[in-house]
Each structure stands twice: as C-alpha cells, then as structure tokens.
Amino acid sequence: MLSVQNPSITVSEKDFNDPQVLLNTLQQIRESVYQEGQQIFSRWKPYIQRDSFIKSAENLAYYLALRRHDLRTLQAALTPWGLSSLGRLEAKVLPNLDAVISTLGNICQVEPNSLPNRPSIHSFLEGEYLLRGNTEDVLGKIYNQRWVRIMVTLPTNNCVHYKDIKELLHKGTNCVRINCAHDSPETWEAIISQVRNAEAQTGQRCKIMMDLAGAKPRIKRIIAPYGYKHIFRGDCLFLRRELPEFESQNDINFVSPGCWQATITIPSIIDSLEIGATVWIDNGRIGGYVECLMPQGVVIKITYARDKGEKISADKGLNFPDTSFKLNPLTDKDKQDLDFITQNADIVGYSFVQEVADIELLQQELEARQNKFSRREIALVAKIETPQAIKNLPELIVRAAGKQPFGVMIARGDLAVEIGYQRLAEMQEEILWLCEAARVPVIWATQVLEQFVKKGVINRAEMTDAAMAERAECVMLNKGHYQIQAVTILDDVLKRMQEHQSKKTSQLRALHSWKFDGIIPNS
C-alpha cells in the first residue's frame, strides 16, 4: 500500500497499473505539497530579506512537504511509463511534478484545461542556475573546466611559505581556510597578505574563509604516566577540572598510578557527565566511557584505539554524544576575532551551530562590525556537526541565506562521532539533498584524501570518497605535507567525475573504456 499521510491517498500497488489512478494520485500529492509548502513558506517569509532567496526558500518548503511522504511504490509505478521517477527533483519540485502530471494527462487523454501547463526548460533549469549563482556568491567564480571548488586548510604560520601558497593556487585551489583556533591576528594578516600576492602573481582568484574556534571542548593540558607516548585500550584517562603542579614523574604516578591525566578547555562540561557516558577524542581516533565520578573530575576507561596505541596531546577535540549541555556558540575570543575577520576575510566559518538563535547571534555581531568597520558583505558557512544542527537545518538555512550569502559545511569528523559512524553516509546524503532543494552550496569536509595529504600514500577508499564528493559544490582538504600533490589529484578526479555525475543524475557521456567489436558506426 502507498500511504502519503493523507487518508484520501491510499492506493494499492495493483491499481497503479492504471495510468488514470497514477494521474489522480499525483494530482492529489501535488495539491498536498503545494498547500503544505505554502504554509511552511509563509512562516519563513518574514525572515527573508534577500529577494534572490525567495524562490529557493519556496522550493525548499515544497521539498520538505513532499519528503514527508513515502513515495517508493509510486516511483516504481511511474518508471514503466517512461516517466520521471521523481528521484532527482530536489532543485525543481513543482516543475518536476507538473511535467509528470502533464504527460500522464496526455496518456489518459484528459482535457488539457484540467492539467498544469507543461513546465518550460527554464523552469527546470532555474534551480541549477540559482545554485550556481549562490555558490559564486559564497565561494567565488571559477575559471577552469572544473565545477566543484577545492578548499585547502592552511597550516600554522611556521609552516606557511609563499611559494607553497602560490603553487596551491596554480594547481587549482579556489579557497583557503584559516582556523582561528590557532595563531594570532598578526599571523593571519601575514598569511592573507601572501594569499593576495599569490592571486596577483597567478591571476587565480582565491576566497579566504576564517573559521571561528567556537566553544569546542578540547584537551587543554595532558600528562602521561611513566613517560608513556601512546594511550591504549584498557588505559584510563583522568579528566580533571584542573591539574596540580607536579614536581616529578613520581608525584604524577603517586596521585593517579598508571592513569593519564588531562584538563579540558570547558571544565563545566565535567559536571554534566554521568557514569557510562561515551567520550570520543581526536575525531573518534580514541574512545571510551565514564567509569568513575570523583570530586576532582571523571575517570574515562579507554575502549577504542589502535592495537599499537594512539598519540594524545593538547588541543585535541573532545565529543560527548550521550551528554546534553548547551554552550554559547560565540566565545569572547570569537567576538574579538570577528573584528579581524570582517575586515579581512571573505567567508566566516561558524562552528557548532545548533539552532536559529545561534545564527541570529552571529548575524548581529557581523552587522555591528560591518557598520563600524565597513559595509563589505561577508558570506557565512555553517558547520553541521551535531544531531541538533541536522534537525534544525531547514530553519538554519532560511535564517542565514535569507539575509546573506550562505553555505553549509558537512563537518564529517565531529558529525560522525556525534551521530555514529553507521549513520554518517545516510545523513550526508540527506544534507546534500536538502541544500540542493534550497539552492545553497555544500562543502564536503574532513579527512578527504587524508592519508595522502599527511603521508603521501594513496588509499583506495579515500579515492572513492573524493570521487563521491563531486556532488558537493566544494571539497576541503586538511593540512599536511602533501597538500599540493593532493590538490593535483583531487582536481583530476573531480574533472573526471563531473563528466559522469551531476548531483544525483548520471551523465551519459560516451564511454571509451571498451571496444565494441562488430558494431558498425553510423556513416
């Protein structure tokens, strides 16, 4: 049975052999989608200040209304008639429905006046045009044959060399990322100056994105027992509010024999932890659970690490997916950094966005600085890292893109440990679909070609991941010794894949991998 959350639209699979039943069902679905979509859009409209985003917000509302229904049986029934199965309608919801209804009406010889007008080619392609325009607003224009942008995370100042930046741009880098969790405004200014000089020398435009550090829980200080360099499964980590001053290694071992000790950048989180709560360290490379609560902190039992152990050091991120706590998304440091960002960067990256109030807070801070320093418009990229951010993503998109150029980063490191690795592939697909419906660009981030970037070693699974990233508008590489070579490889992979794939649609380019012996070509 097909149920689309409307008691009047319940049809058996057998009935779908009749094109008239298909037509009636689609007409009812179309009416339901329009009515529900308009209700959603009417709630959003007061918050949309950019006229250029109105059509995109409306399409997103229709998409949400449609995806409340399970249409799989209907999709299977449409295919034998040579009709669209509705599986690639993200950017064009109503035009796609209208096209199928119009064709079915002709098959059923229905009076044309009772059918929607057949959509024009322009209405079908409008969503793609708007997405490309919004992508240019955020990530800049491209001047080569590759559609997907490449973003590169620059290392800290001690490792940044002008010749490397120039080569990155020459090889195809479209955007560089500076993480404000490291270095200082003086360092950032020197790096940006190098990027601008490289632009002038190469003629390649390069956007600059600066990531706010945000309220990311990190290890502040760590002390190893007995001089150990690696932490193993079965070890314990004493996460403390503060570390006492130890005079010798013997003092450390006496206070907590055989146990690693660390402090956290946000000590208040410790008060929210309960026995059994899951803890992940360094993007999931190390995992454990809270084994014991103590007045000074909590003891974490390590249950996940490689057999040869893992290095653990200060500044590594911490995730607590089982624990609920609310952090201010903008720290005092972030607000200080915004003074520099609004004057020097093209894009601000926003970490740990979870709800509409977070977007509004940053927009207020940006507006205050733009009035003070300049009227230059700065784009906003929201990093999607938590289940709450996924749940609220439609509202986040509307509030952000309704006011300024906006994009979404799938921050797959934190997101994977927050929602579970098993769900990551599923959720990154849904984020891609939702953003395509809203015509906002997506940045595919975290561990793309990670082994190659850091060690110069090709990994088959990572190459496949990089190829799949072609469905986003931008792919981000992390820092590493082999960044330049990685850009070259990624540029080649993305150019190849765009010949075969555009979002969810396969491109039927002529294949040249096989010889068709015995087939006589057309003369």
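The values are calculated or read from the model by the stated rules, or taken from the named source; none is laboratory data. Predicted model only: the values in this text are computed from it and were never measured. Here Cβ is always computed from backbone atoms with ideal geometry, including for glycine, and neighbour counts include all displayed protein chains. Protein only, heavy atoms only, side chains kept; ligands, DNA and RNA dropped before computing areas. Shrake-Rupley method; radii C 1.70, N 1.55, O 1.52, S 1.80 Å.
Structural remarks
- Total formal charge among the other residues, if their Cβ is under 15 angstrom from that of residue 399, Lys/Arg +1 and Asp/Glu -1: -1
- Along its principal axes, segment 161-211 has C-alpha extents of 28, 16, 14 angstrom, given from the largest down.
- Counting 0.36 nm for each residue step from residue 488 to residue 124 and taking away their Cα separation leaves a gain of 127.6 nm.
- Loop sites here are chymotrypsin sites (Phe, Trp or Tyr not before Pro) outside DSSP states H, G, I, E and B with no more than 15 other Cβ atoms within 10 Å. The longest part of the chain free of them is 1-142.
- In Hz, Karplus ³J(HN,Hα) per residue of segment 475-490 (6.51, -1.76, 1.60; θ = phi - 60°; x = Gly, Pro): 10, 9, 9, 7, 6, x, 5, 10, 4, 4, 5, 5, 4, 4, 5, 5
- Against the main long axis of the alpha-carbon atoms of the chain, helix 421-438 sits at an angle near 50°.
- Taking the C-alpha atoms only, the angle from helix 121-139 to the longest principal axis of the chain is near 20 degrees.
- Segment 297-383: relative contact order as a whole-number percent, Cα under 8 Å and 6+ apart: 33
- Rule-of-thumb Rg ratio for segment 419-460 [Cα; 2.2 N^0.38 Å; N residues]: 1.49
- Here the chain is treated as a Stokes sphere of Kirkwood radius computed over C-alpha pairs; at 37 °C and 0.692 mPa s its diffusion coefficient rounds to 128 µm²/s.
- Only helices enter the 222 nm calculation for the chain: every DSSP H run of n ≥ 4 contributes -39,500 (n - 2.57), and dividing by all residues gives -13000 deg cm²/dmol, rounded to 500.
- Distance from segment 329-359 to segment 371-439 (C-alpha centre basis), Å: 14
- Histogram of C-alpha separations across segment 282-359, 10 Å bin width, %: 13, 33, 30, 20, 5
- Sites matching trypsin sites (Lys or Arg not before Pro) across segment 154-237 that sit in DSSP coil, with at most 16 neighbouring C-beta atoms within 10 Å: 205, 229, 233
- Taken over segment 311-425, the alpha-carbon convex hull comes to 129 cubic angstrom per residue.
- Centroid-to-centroid separation of segment 42-60 and segment 196-232 [C-alpha atoms, Å]: 36
- Rolled with a 1.4 Å probe across the full set of protein chains, the surface gives residue 367 an accessible area near 90 Å².
- For segment 105-110, backbone phi angles converted through the Karplus equation (6.51, -1.76, 1.60; θ = phi - 60°) give residue-by-residue couplings of x, 5, 4, 7, 6, 7 Hz, Gly and Pro being listed as x.
- Taking every C-alpha pair closer than 8 Å and separated by at least 6 residues, the mean separation divided by the residue count of the chain gives a relative contact order of 15 percent.
- Loop trypsin sites (Lys or Arg not before Pro), segment 352-422 (other Cβ atoms within 10 Å of the site Cβ: 12 or fewer; DSSP): 375, 376
- Entries in 216/479; 326/403; 403/503; 479/503 that, when Cα-Cα distance is taken, lie over 21 Å: 326/403; 403/503; 479/503
- Extension gain, residue 509 to residue 426, is 27.1 nm, computed as 0.36 nm per intervening residue step minus the present C-alpha separation.
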